[in-house]
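The values are calculated or read from the model by the stated rules, or taken from the named source; none is laboratory data. Note that this is a predicted model, so its numbers are computed, not measured. With ideal geometry, Cβ positions are generated from the backbone for all residues, glycine too; neighbour counts draw on all protein chains shown.
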């Protein structure tokens, strides 16, 4: 018996020994094209993807589940819009808080005396010199921290990256330094120090 592959009674190879280069490329690049090639369907890359999974323009085989319409781009845009709104809202709230809080720090002696009365510390705040120095420093730290936070948040928003967490982290980090500035005059006040070391 001759080994000529052109004999009509010879079955088609099952594993692609005689696949054309186009068929080989299609099976490698598009695994889902196997069904189309096995059924004798032509691969049409120009037709909208309404056919078999991963094979544009090819009817889906019976019982084959079709892939849903790709909406990932719309989902990404929607997520970015939500992130932008949340980020800007947090920055607006932070801006109002910074303005009113920074103004109060410029009059830190009165603010510290009022805070001591609210806490129930006997006596009055008397460390005025330190408060007049560290109050404005705390205000400047607060404003600078907010500006840096807003800058990095807006930069990430423009790059299309999630930025809602930056105002939150920025606020925490900024207030850590602000409270350190406020603690200096308070810990130097005799009445506050007496209450902190000998609570009643």
Task: Some residue of segment 103-112 being touching a helix residue (DSSP H, G or I) at 6+ places or on another chain (Cβ under 8 Å), more than 30 Å from residue 197 (Cβ to Cβ) and part of a helix (DSSP H, G or I) - done: yes
Open item on the list: Quick test for you: out of 118, 137, pick the one residue that is free of Cβ contacts under 8 Å to residues at least 40 places away in the same chain and either exposed (fewer than 13 other Cβ atoms within 10 Å of the Cβ) or closer than 26 Å to residue 190 by Cα (or both).
Closed with: 118
Open item on the list: Let me confirm something: among 151, 177, 100, which residue is closer than 30 Å to residue 77 by Cβ, assigned by TED's automatic domain parsing to the domain that holds residue 85 and part of a helix (DSSP H, G or I)?
Closed with: 151
Open item on the list: So in segment 161-174, with the set limited to residues that are more than 14 Å from residue 84 (Cα to Cα) and without any contact (Cβ under 8 Å) to a residue 24 or more places away in the chain, which one is nearest to the chain's Cα centre (by Cα)?
Closed with: 169
